[in-house]
Each structure stands twice: as structure tokens, then as C-alpha cells.
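Written below as C-alpha cells is the structure these notes are about.
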Amino acid sequence: MKIEKIALEKIKKRKKQNQEIASANLQKALEDEIFKNLYYEKKSLIIEVAKCEADNLPSNRYKLNDLEHKLLDRLEQLGLPKDGLEIKYFCQKCKDTGYVNGKICSCLKREISKTLFEKSGLKKKLHCFDDSNFEIFDNSELMKKTYQKMEKWCDEFETSYLKNIGLFGGAGSGKTFLMECIADKLIKKGKYVYFTTAFKMILNLLEYHTTFDNTKNELLQQYLDCDVLIIDDMGTEPIYNNVNENYLYLIFNQRIMENKPIIYNTNFTLDEFYERYGERIFSRLINKRNSKVFNFLNSDLRIKNNI
Ligand SMILES: [Zn+2]
């Protein structure tokens, strides 16, 4: 997948830079005669010790440790950091390879999220739960509860029955703000989040529909691959025949089959949403089994459970 490759390249680049720092430190230290002698003495001793230990003979390991200390001391005397020869991995878990036991590491997931977020065209800095200010809402207590519920959900969404979350309400009622907090929290947890607008999504799906080469799959794949799909402003997207209903249904249905959450918001009422998207999509997104709808009705915020 293209996104994974881009993210992996970033991790590799980071690793290479750190390797180069360690190697530059070594080159600098080797200009010093004392360090150089100790360094090569240690190198040949390592082999000697290894041979002895392999043959179960007494070895000079204590001398090796002694040399190691002298080397580090010399490094310090030369004004270089004591750990200057070690490669400083950004991620200790995978040593900046992006994978642990063949599984994708959380650092690569985070990098993928970042890459995706950059590609989503939204602003860099997201709002987060810590800076949410409920005082600006008339119904601040209820708003606070909604935020707390959603923050908790972020911690347990993988095991939660709740997979589809809809935020309904007028403009300026805090829906997008809340979605950003959710995205921010999940990205920080290393989750693979895709934050998009319904508008951008439909343009991608139209391109998918009208492209006939192999690159087209990536256009659809990003909506299926991510751990959590977040869609801003449903209902503002243009309508194209044979595109909106078919592909949105395909994506929603596939994600629901795989138990992967969808969070969306809309200015529509429930009735308008039903009218716009029809029975098939409505019943996938809004049902008793795995869905929740929060109604942000301007100053009158009401929470409806499992409608
Ligand atoms: Zn890692």
C-alpha cells in the first residue's frame, strides 16, 4: 500500500540519520590516537574472547569490559557524548524497522496516521480533549458528558460494541471539534485514522469509478484499511449517479463486516439523513446493534441512545 510505503520511508530516513550521527561521532573520535588504539585493541579482543568462550577456555572478558570503560571515558574527554556511538532508535520496540515479529509496529501506524492526516488537507494542529472548553456551550454539562463518553470510547473502541457513531446537529454546535479530539487521541494511541470530508470522499469515489488502471484501488483502499474512518460534514457532498450510494454502501458495509468504526457528522436531521442516503445506508449506519447517535441540537444538546 502506498501510504504504508511513504510512512516506512520516513522511518527509514530517521534511522539513517541516526546511523549517520553515530558514524560521524566514531569518525571524529578515531582522529584521536589514544581512542583509535583503544578502539582497535577492543575490536581484536572481541574476536579473541569469542573464540575462547566458544572453546570453553578462560577468556579475557573482564579486560574487554575494562577497555569499554576506557573508551567511553576517552569519548567524554574528547567532548563527545558517552552514548555517541550507539544508534539512537526513535522506536525501541522495532529498532526503526516499522515491524515487530512481522506485525506492523505502533510507530509505523502513527506515521501512517500522520501521513494520512497530512494528505487529508486539513490543518496540521488538531484540537484535543485536553483543550476542550465546554463553557462556550449553553448546555455545557451535557456537552462535557458527551466528550467524556467519546474520550472513554477512544480507549476501548476495539472491544466496544459501538462501531458507528453519528454526530447530528447544526453548524457551530461542536461536532467537528469533537471529531478532531477523537482523531487526535486515536492518532496519539498509534491508531490508523483517516479523517476526511464527505466532499473529498465522493470526489475520490468518482475518480475510482471513472479510472480504469491499477492505481484506482488505492482510492478505495484508504477508506477500508484505516482502523477508524472519520467523515466530516456528510450531506454537503455532490451527488453522482452510480457513485454515492453504491460506493458509500460498499465502504460502510465492508467496514462493518470487519468491525471497524465509522464516525461521521452531519447538519441533517435524522429524517433528512434517511431521505438523502436511503434505507440501505441508513440501516447500516444507524441501528440498535452497534450504533449511537448524538444529537447536538444547537444549545439544546440531547443524547439519544441506541435509536
Ligand atoms: Zn516501532
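The values are calculated or read from the model by the stated rules, or taken from the named source; none is laboratory data. The shown structure was predicted, so the numbers you read here are calculated from the model rather than taken from an experiment. Ideal geometry is used to build each Cβ from the backbone, glycine not excepted, and the neighbour counts take in all protein chains shown.
Scan the stretch 122-178 for residues that are modelled with pLDDT under 85, within 21 Å of the chain's Cα centre (by Cα) and of a type in the set (Lys, Arg) and the total you get is 3. Only residues that are surrounded by fewer than 22 Cβ atoms within 10 Å (Cβ to Cβ) and part of a helix (DSSP H, G or I) were counted in the stretch 188-201, giving 4.
Could you list, in sequence order, the residues of the stretch 3-43 that are among the small types (Gly, Ala, Ser) and over 29 Å from the mean Cα position of the chain (by Cα)?
Answer for the stretch 3-43, where residues must be among the small types (Gly, Ala, Ser) and over 29 Å from the mean Cα position of the chain (by Cα): Ser23, Ala24, Ala29.
Exactly one of (1) of a type in the set (Ser, Thr, Tyr); (2) touching a residue at least 60 places away in the same chain (Cβ under 8 Å); (3) closer than 18 Å to Asn265 by Cβ is unmet by Ser132. Its number? Every condition holds for Ser132 apart from (2). Among the residues that make up the stretch 263-272, is at least one of them out of contact with any His (no Cβ under 6 Å at 6 or more places or on another chain), charged (D, E, K, R), exposed (fewer than 14 other Cβ atoms within 10 Å of the Cβ) and modelled with pLDDT under 90? The answer is no, given that none of the residues of the stretch 263-272 is out of contact with any His (no Cβ under 6 Å at 6 or more places or on another chain), charged (D, E, K, R), exposed (fewer than 14 other Cβ atoms within 10 Å of the Cβ) and modelled with pLDDT under 90. Please go through the stretch 129-159 and pick out each residue that is within 21 Å of Lys109 (Cβ to Cβ), surrounded by 15 or more Cβ atoms within 10 Å (Cβ to Cβ) and of a type outside the set (D, E, K, R). Within the stretch 129-159, Phe129, Met150, Trp153, Cys154, Phe157 qualify. Look at (1) buried (at least 16 other Cβ atoms within 10 Å of the Cβ); (2) out of contact with any Lys or Arg (no Cβ under 7 Å at 6 or more places or on another chain); (3) modelled with pLDDT under 95 and you find that Ser283 fails only one, number (1). If I ask for residues that are surrounded by fewer than 21 Cβ atoms within 10 Å (Cβ to Cβ) and in a helix (DSSP H, G or I), which ones from the stretch 235-250 would you list? Passing the criteria: Glu245, Asn246, Tyr249, Leu250. Leu167 passes every criterion in (1) under 27 Å from Leu108 (Cα atoms); (2) touching a Lys or Arg at 6+ places or on another chain (Cβ under 7 Å) apart from (1). Scanning the stretch 83-103 for residues that are β-branched (Val, Ile, Thr) and modelled with pLDDT of 90 or more yields Thr97, Val100. Enumerate the pairs (first residue in the stretch 139-165 and within 12 Å of Lys292 (Cβ to Cβ); second residue anywhere and of a type in the set (Lys, Arg)) with beta-carbon separation below 6 Å, excluding pairs fewer than 6 apart on the same chain, so at least 6 apart or on different chains. So the pair list comes out as Leu162/Lys292; Ile165/Lys292. In the stretch 205-234, the residues that are in a helix (DSSP H, G or I) reach residues that are surrounded by fewer than 17 Cβ atoms within 10 Å (Cβ to Cβ) and charged (D, E, K, R) with C-beta atoms within less than 7 angstrom, at least six apart or across chains, in these pairs: Tyr208/Lys216; Glu218/Lys2; Leu219/Glu207.
State whether the residues of the stretch 123-142 include one that is in a loop (DSSP other than H, G, I, E, B), of a type in the set (A, V, I, L, M) and under 26 Å from Arg284 (Cα atoms). Before you say what the answer is, go through the steps one by one.
Taking the stretch 123-142 first, the residues in a loop (DSSP other than H, G, I, E, B) are 123-128, 132-133, 137-139.
Keeping just the survivors that are of a type in the set (A, V, I, L, M) gives 126.
Still in the list and also under 26 Å from Arg284 (Cα atoms): none.
For the stretch 123-142, residues in a loop (DSSP other than H, G, I, E, B), of a type in the set (A, V, I, L, M) and under 26 Å from Arg284 (Cα atoms): absent.
Is it true that Leu116 is of a type outside the set (Val, Ile, Thr), away from the ligand (no atom under 16 Å from the Cβ), touching a residue at least 12 places away in the same chain (Cβ under 8 Å) and within 30 Å of Lys200 (Cβ to Cβ)? The answer is yes for Leu116.
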